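A short write-up of the structure that comes next.
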Amino acid sequence: MNFLERAQPLLERSFSVIPLRPGAKDTLPGVGAKNRSRDIVQVREWAEQYPDANVAIVADEEVAILESDDFERLAQTIKLSTGETLPITLTACGSSPNRPHLFFKHTEKSRKVGCIALPRLFEARFVNQYVVGPGSVHPNGSIYRFLNDAPIVEIPDRLVDGLVWLAGAQKSERHNTTVERGKDGRIPEGGRHYYRFSELGRLWDGQKTEQEMLAIGLALNEQCDPPEPEAEVLAEVRDIMKRAPHDPGPQVVIGRTETPEDWAPMSADDLVCLEIPPRTAILTESGSPVFYESSVNQLLAWRGTGKTLFGLGLANAFASGGQILGFKADRPRKVLYLDGELPLSQLQERVRDMVALENRRNVQLFNPEMLPTPRGIDLLHGGDFAALKRMAARSKAEVLILDSQSTLMSGDSNKTEFQEPRQAVLRELRWMGLCVIETHHLGKQGLQRGSSKNDDILDMQIRLNRVKDWEPADGLLFELTYEKIRHAARLDSGYQVSLEDGLWVRQESDELKSAAELFKQGKSEREVARELDITSSKARRLKIKARKQSLLELNERTASLREPQTHLRGVCSREAPEAGEAPPVTPTK
């Protein structure tokens, strides 16, 4: 691709452009940001003079550019500091999607701001600064590209206010008295070396590679007018890396807002009387809720037990409004299945086997091999979580299945540094109204991988246990139990599940059958418990379960056990009795 081929699509989007050195980020002699042009005649002249040049998009009177060194952190910081989410607008990137360039239309407010930055978080290039444009070649050989095809939207005033506040809230950039920026915000010749050297020293942490430090140095060099040769920047990098890493001192925490939020509690009476729409149970078993809208749930199992097959079976039931085992979906719903484990060809095979032809339009799937450049997906770092949210919104998903935690979220699941971002991701998906079902692995000791904080956010955790003496020739076979039920539903548990000729089959355990036989013989719960070596409470649960499944005849004595009990219900105290009606009296013993 030559310069003209790189520049023409940008002109069609009304961008101002300039040529850059081929395969680099610095400007060509005599061509700076102020020489920007939208004129095809000028661009063709540059193309004749510099046929292999990279292209840059320049912030001008119409277009503002927001560049981030950590997009996910920037999005979270903007949300906390302003309450706003970063709007979807035309976005591009170089080698990393987590360091994107967001393009906005200027507003009256943004034109007055100039160029501002918060090191390691963002650079608001609002005037006379540029970013390398799509189609150009990064110094490491990768190609700059657009991440979406969204229209360019106006930059919201609250976002501008947030960026200005953030840039002033943490004054971490070193300033040398000899370094003064010009009117265009760039560092003139006399201060270039001091500026780059001090910033490189501040950012040297003893961990970065020479290539990473050079990339930082070249980015700093872009702010110099004119930039110096790359060899000069490389020499500075090598000099800095011989020194001790910079000690930043105590970390400055960016506040949520300029003024603290005013929190006001609500009385229990007000809460009870509040009209809150109830959540809808979208999957039930014998009328008891299993999964709700706006919920976070988990399938937990040892590897190879059948999590993915069962997850696809659930997707098929949701998509059709049908059943799987004793579970019944309330109506057909759209499902988004994000797979991080399987080769795409194997995922195709399983979908062909597990999702009925008539239900496939309601099931959308995504796999790392579908990315423009296949790579791992990580919802906790970079822009992958934002991409997932956009995909869920576009597909109008109501159920989201994440398969699995270990392949979609990187980090040590025993550490708080992993669990807290994970909970934030799952919480935000729940706030979007999604029923989230995450699959997760058991460890070698039969316990879930990671810390117990894994469970904190879950509404429901279903465990698929290996069956004793199982052999591969038995096919798919597991025992289904519940580890956590936040909504206190009374659900059957401890039965075996098999997949036979594409059909899910529920098999009652030998323990339940044995208990039913003993109860038929007239034995008491205590006697059954003693004979089966179980607790009396478990014997009673088996009795109720056997009765539900018609393994025991229902007589007058057992029927009395099923009569509903009277419970105290939450009543709004402001509901006054009708005229002439006596207020309720609590009976005494």
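Quick notes
- LEU503 versus ASN2: modelled label distance in nm, points set 7 Å from Cα along the beta carbon direction: 6.8
- Rounded to 0.05, the FRET efficiency of the ASP510 and ARG352 pair, given R0 = 25 Å and the Cβ-Cβ distance, is 0.10.
- Two-site FRET efficiency, GLU420 against GLN549, from Cβ-Cβ distance with R₀ of 45 Å, rounded to 0.05: 0.60
- Measuring nothing but alpha carbons in the stretch 3-172 and taking Rh as the Kirkwood radius, the Rg to Rh ratio lands at 0.97.
- If the segment from ASN140 to ASP412 were pulled out straight at 0.36 nm per residue, it would be longer than the present Cα-Cα gap by 95.0 nm.
- In this simple spin-label approximation, GLU12 and ASP149 carry label points 7 Å from Cα along the Cα→Cβ vector, and these lie 1.0 nm apart.
- Label zone at SER537 (point 7 Å along Cα-to-Cβ), backbone N below 17 Å, the stretch 480-505: 482-486, 488-494
- Note: relative contact order over the stretch 281-507, using C-alpha pairs below 8 Å and six or more positions apart, is 26 percent.
- Using the Cβ-Cβ distance between THR107 and ARG375 with R0 = 35 Å, the FRET efficiency computed as 1/(1 + (r/R0)^6) comes to roughly 0.45.
- The stretch 1-120, relative contact order in percent, only Cα pairs under 8 angstrom and at least six apart counted: 24
- Distance in nm between pseudo-label sites at SER267 and LYS208 (7 Å out along the Cβ direction from Cα): 5.8
- Normalising the average separation of contacting C-alpha pairs (under 8 angstrom, six or more residues apart) by the number of residues puts the relative contact order of the chain at 10 percent.
- Relative protection proxy for 389-396, 59-66, from highest mean packing down: 59-66, 389-396 (other beta-carbon atoms within 10 angstrom).
- Residue list for the stretch 423-442, given a label point 7 angstrom along the Cα-to-Cβ vector of SER451 and an amide N cut-off under 12 Å: 423
- Three-way shape label, the chain, alpha-carbon gyration tensor, a/c 1.5: prolate
Every read-out reported here was derived from the displayed coordinates using simple, explicitly stated rules and does not represent laboratory data. Computed from a predicted structure; not experimentally measured. Neighbour counts are summed over all protein chains in view; Cβ atoms, including those assigned to glycine, are modelled from backbone coordinates with ideal geometry.
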